[in-house]
Amino acid sequence: MQRREALSQVCKLVGSGALASWGARVGAQSAALSDTRIVLGQSAPFTGAAVQLGLQFHLGAQAFFDTVNAKGGVNGRTIEIKRLDDGYEPERCAANTRQFIADDVFALFGYIGTPTSLAALPLASTAKLPFFAPFTGAQALREPFNRYAIHVRASYFDETAAIVRQITSTGIKKIAVFYQDDAYGKTGLEGVTRAMTALSLEPVALGTVERNTIEVAQAVKDIMALKPEAIVQIGAYKAVATFVRQARRAGFNGNFYNVSFVGTQALIDELGAEARGVSVSQVMPFPYTPATPLSGEYLAAIKDKRGVEPNYSGMEGFVAAKVFTEGVRRAGRSLTREGFINAVQGMQNVNFGGFPVDFGANKHTGSKFVELTLLTEDGRIRR
């Protein structure tokens, strides 16, 4: 009966053709889980204004899986990523997710962004596919608790709280927020507002930009009119860089603060010498030197990869792949999706070479690690 109900639910979401493909395999071994391999599905922006986020995360994850596969895989299985481009658009992401469900991938892995992940998670949950390590800190993906959503990184609320603490510790109270006008940006705005409310403060000005655009002129005008002392930005790197340039030309001399999703390396590449005075909160260990054993492992894994340079987005993909692999290892040779989720829940107080994670039966956010970094005009990132 449960199997028939699951088939009925998936039929509504993925269409009769996908259902036939999926249903034909029920009771048999998954096409994406055999004795020798595990296939994951990743929908991400591999073109468009957020391309570097998807590309770098994917390269980092692939670097780890390449290392594992070269040693025979985990419990005898190699791990592969099947990727589809969504251009950072929810509708395309939903279509990709339906395709992955039809293909019966073992899990959905490393989705990029809040609006896209929000479109995909209900589909994953209905199909009972693990939705592992999305590159987003949105609370709406974490609350209410969802057995199939597993988060490796800290939340945007954790990041924005750290940013507000840093800003206000210097005596600054006039804080503006420039944010992407979608679920991602609004989550970041909520995090800033919550942290400021606790200090009896509120944002002095707000400005917005549409996703996948760089039309920021009105936002610059709206924010600069209120003369803020600091500006928190919740957006992707191209729009954020455009805003920084225009705000500087309009006379803003204060600091800008960004959450990790902005794409630190992509942002500094966009800004060049104009990166001075821009801070970014990070949810992963420093990836540019072997400051931790995990960082050293990452650098060694990408050392001989042509065209791959260290960056935070790549490090996040690497860490996500490492945590996923550990879950597979703990689940054992008789791997199932439910057994994998149970194995991840058993990863309590596990230190991955300087990056501790702590999951539990009702706790699917593994980390609360946040630190602030400062970009410099000579292309460096200071901790």
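The values are calculated or read from the model by the stated rules, or taken from the named source; none is laboratory data. It should be emphasised that the depicted structure is a prediction, and the values quoted were computed from it without experimental measurement. Here the Cβ is made from the backbone with ideal geometry for all residues, glycine too, and neighbour counts use every protein chain on show.
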Suppose we filter the range 175-198 for residues that are in a helix (DSSP H, G or I) and acidic (Asp, Glu); how many remain?
1
Across (1) under 16 Å from Ser260 (Cα atoms); (2) crowded, with 23+ Cβ neighbours inside 10 Å, Ala120 clears everything bar (1)
I'd like the full set of residues that are part of a loop (DSSP other than H, G, I, E, B) and more than 16 Å from the chain's Cα centre (by Cα), limited to the range 31-48.
Ala31, Ala32, Ser34, Asp35, Thr36, Thr47, Gly48
Output for the range 161-188, where each listed residue is polar (S, T, N, Q) and over 18 Å from Ala247 (Cα atoms)
Gln166, Thr168, Ser169, Thr170, Thr187
Between a residue in the range 305-325 that is at pLDDT 95 or above and any residue that is among the acidic types (Asp, Glu), which pairs come within a Cβ distance under 9 Å, given they are 6 or more apart or on different chains?
Phe318/Glu297; Lys322/Glu297
Meets criteria (surrounded by 15 or more Cβ atoms within 10 Å (Cβ to Cβ) and assigned to a helix (DSSP H, G or I)) for Thr325:
yes
Checked Leu206, Leu201 against criteria (assigned to a loop (DSSP other than H, G, I, E, B) and touching a residue at least 24 places away in the same chain (Cβ under 8 Å)); the one match is Leu201
Tell me, which residue of the range 147-192 that is surrounded by fewer than 18 Cβ atoms within 10 Å (Cβ to Cβ) and among the hydroxyl-bearing types (Ser, Thr, Tyr) is farthest from the chain's Cα centre (by Cα)?
Thr170
Looking at this structure, is Ala102 surrounded by fewer than 20 Cβ atoms within 10 Å (Cβ to Cβ) and of a type in the set (Gly, Ala, Ser)?
yes
Tell me, please, whether a residue that is assigned by TED's automatic domain parsing to the domain that holds Arg337, basic (Lys, Arg) and surrounded by fewer than 18 Cβ atoms within 10 Å (Cβ to Cβ) can be found in the range 72-81.
no
With respect to Pro144, is the statement that it is under 20 Å from Glu89 (Cα atoms) and surrounded by fewer than 18 Cβ atoms within 10 Å (Cβ to Cβ) true?
no
Across the range 288-308, which residue is surrounded by the fewest Cβ atoms within 10 Å (Cβ to Cβ) among those that are among the hydrophobic types (A, V, I, L, M, F, W, C) and within 20 Å of Val350 (Cβ to Cβ)?
Ala291
Does Gln345 satisfy the criteria of being under 21 Å from the mean Cα position of the chain (by Cα) and crowded, with 20+ Cβ neighbours inside 10 Å?
no
Hits in the range 137-185 (condition: over 14 Å from Ser367 (Cβ atoms) and assigned by TED's automatic domain parsing to the domain that holds Asn349):
Ala138, Gln139, Ala140, Leu141, Glu143, Pro144, Phe145, Asn146, Arg147, Tyr148, Ala149
Count of residues meeting criterion [farther than 19 Å from Val262 by Cβ and free of Cβ contacts under 8 Å to residues at least 24 places away in the same chain] in the range 150-192
3
I'd like the full set of residues that are under 25 Å from Ala50 (Cβ atoms) and without any contact (Cβ under 8 Å) to a residue 60 or more places away in the chain, limited to the range 241-251.
Ala241, Thr242, Val244, Arg245, Gln246, Ala247, Arg248, Arg249
